[in-house]
Each structure stands twice: as structure tokens, then as C-alpha cells.
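The structure under discussion appears below in the form of C-alpha cells.
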Amino acid sequence: MKRVFLAVFFCIAIFSLQAQFRFDYHASYATYNMNDMKGLMNSIKISEPFKNLGLEIVDNFPAYIAHSVNIGYRVNNHEFGIKSGFYTTGGKLSVADYSGKISTTLIANGYREGVYYRNYFFTSSIEDVDKGLKDRFSLWGEVSPALIISTLKMKTVVSDVDFNEVMEEPQYNENAYALLIQIGGKYYVTKNISFDVATGYDLSFGGNYENLIGSPRPDWSGFRLSGGLGFSF
């Protein structure tokens, strides 16, 4: 029994020496394929009572900055954990002249909650005089399935020289799904601090707003170009 206990303790100790807890933050330039939402903007533009007002589209769901946080566990070349992210974009219709202004704004937010697996398929090391080999640069590939909680807020503002009225619409909520595939590189500043750059594509599907004209879908699919800072413990 003593030998079994010692063997188990030895295996746990070896495993712990080769494993790391990790925390990473990334900011990304993210594009979004919001074709349905752009169609909704056009539908609003030509619907009553807006079609005779001359509203123009001034924002149409452009690319924007996204944010993500990884909390993971690395063992040798394998890393897995949870990934949380935030996407946002929007559209705006507006018309103004000397007598007043009318604008309708749609703000779409996506809260991405999922898991990830990352494989470090290449690592370059340098020799540290005191501690032997030290990782300097790694290349990795990642896959991350997730649930995206999509929210859509609509607001119309009517104003002239005498008054200003804000008409809030209900907030719409739906769940979509996503699969992120990306490849990146990690540069180790120290043993416990690193910088990352990555590029990839996030594929989104599902989550139609059934209560809106044409049942539009907030399609968060698009390219991601990100950079961030990581910590190992």
C-alpha cells in the first residue's frame, strides 16, 4: 500500500510540474456578416411612418473592437479552458434639417460564452544560464465552440426647436451558436508573461429574432485579428 501511495504521489508531482494555469486577455478587430440586420435597416427605412421622411443609413453594422478572456489549464502542448467574449456593432438611420432631427439606432451586442482547446504545435527555446532551456516563442492552433447571447436594442429620437422625445423599443434577446477556429503565436517576455497575436474566423449560426420584420438573424460570423497579454501561474 505504501508503494502505491508513493507512486500516485510521484505521478501527481510530475504532472503538476508540467502543468500551468493560464489567464489571457485579447482585444480583436472583428468583422460581422450582418446581412439580415442590414436588411432590417432597409425595411425600417421604407416602412411607415419613416418612408416619406428621407431617412439615410449612416451606420450599417460595421466592424468593431471585440474583447475576450481565457481561463485555462496547460499540460505540455495542450491547453483547455473557458473563453468569454463580447461583440458589439450597430446601425443608424437619420435625417436632419433646420427644423429638427429624427434618428433610429439599433445596437447589437453578443455575449460569447464557451470553451476552447489550444495545441502548441511548435515551440522555440533558448538556453538560460541558470535554469536550462527557456521557451521564447510558440505557434498554436485553437478551436472554440460557444453560445452567443444576442441582444438588440432599438431607440428612436425625434427633436425640434421646441421638444425632444426619445422612444425606447423593447430589448430583443436570442441565443446563437458559434465555432471559432484560429491560429496564433505567443512570445514569452518572461516565464510567466507573454504576448499573443492571432487570426481566425468565427462562424455563427441560429438565433433569429422572430418578433421582428423578416425574422432577421444576428450573424456574428467574421474574421478576427487579435492581440493580447497572457499570464501563467
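If I go through the stretch 42-69 residue by residue, how many of them are open to solvent by less than 80 Å² (accessible area, probe 1.4 Å), in a helix (DSSP H, G or I) and either hydrophobic (A, V, I, L, M, F, W, C) or under 30 Å from ALA19 (Cα atoms) (or both)? Here the count works out to 1.
Looking only at residues of the stretch 197-224 that are closer than 26 Å to ARG74 by Cα and among the small types (Gly, Ala, Ser), we find that the one that is surrounded by the most Cβ atoms within 10 Å (Cβ to Cβ) is ALA198.
Candidates GLY81, GLY91: the one that is modelled with pLDDT of 95 or more, surrounded by 15 or more Cβ atoms within 10 Å (Cβ to Cβ) and in contact with a Leu (Cβ under 6 Å, 6 or more places away or on another chain) is GLY91. Annotation: TYR29 fulfils all but one of (1) over 28 Å from THR156 (Cα atoms); (2) in contact with a His (Cβ under 9 Å, 6 or more places away or on another chain); (3) open to solvent by 50 Å² or more (accessible area, probe 1.4 Å); the unmet one is (2).
Inspect all residues belonging to the stretch 225-232 and state whether any of them is more than 21 Å from ARG74 (Cα to Cα) and within 16 Å of the chain's Cα centre (by Cα). There is at least one residue in the stretch 225-232 that is more than 21 Å from ARG74 (Cα to Cα) and within 16 Å of the chain's Cα centre (by Cα). Considering GLY72, GLY39, GLY100, the condition of being free of Cβ contacts under 8 Å to residues at least 60 places away in the same chain, of a type in the set (Gly, Ala, Ser) and either more than 30 Å from GLY230 (Cα to Cα) or open to solvent by less than 20 Å² (accessible area, probe 1.4 Å) (or both) is satisfied by GLY72 alone.
In the set LEU179, LEU133, only one residue is among the hydrophobic types (A, V, I, L, M, F, W, C) and either at pLDDT 95 or above or outside any strand (DSSP E or B) (or both); that residue is LEU179.
Flag: LYS191 matches the condition of being open to solvent by 30 Å² or more (accessible area, probe 1.4 Å), outside any strand (DSSP E or B), touching a residue at least 12 places away in the same chain (Cβ under 8 Å) and over 30 Å from ASN60 (Cβ atoms). Only a single item in (1) out of contact with any Asp or Glu (no Cβ under 6 Å at 6 or more places or on another chain); (2) under 25 Å from ASP24 (Cα atoms) is not met by LYS134, and it is number (1).
The values are calculated or read from the model by the stated rules, or taken from the named source; none is laboratory data. This one's a predicted model, so the numbers in the text were calculated from it and none came from an experiment. In this analysis, Cβ positions are derived from the backbone assuming ideal geometry, glycine residues included, and neighbour counts consider all displayed protein chains. Heads up: the accessible areas ignore ligands, DNA and RNA and are worked out on the full protein's heavy atoms, side chains in. Shrake-Rupley method; radii C 1.70, N 1.55, O 1.52, S 1.80 Å.
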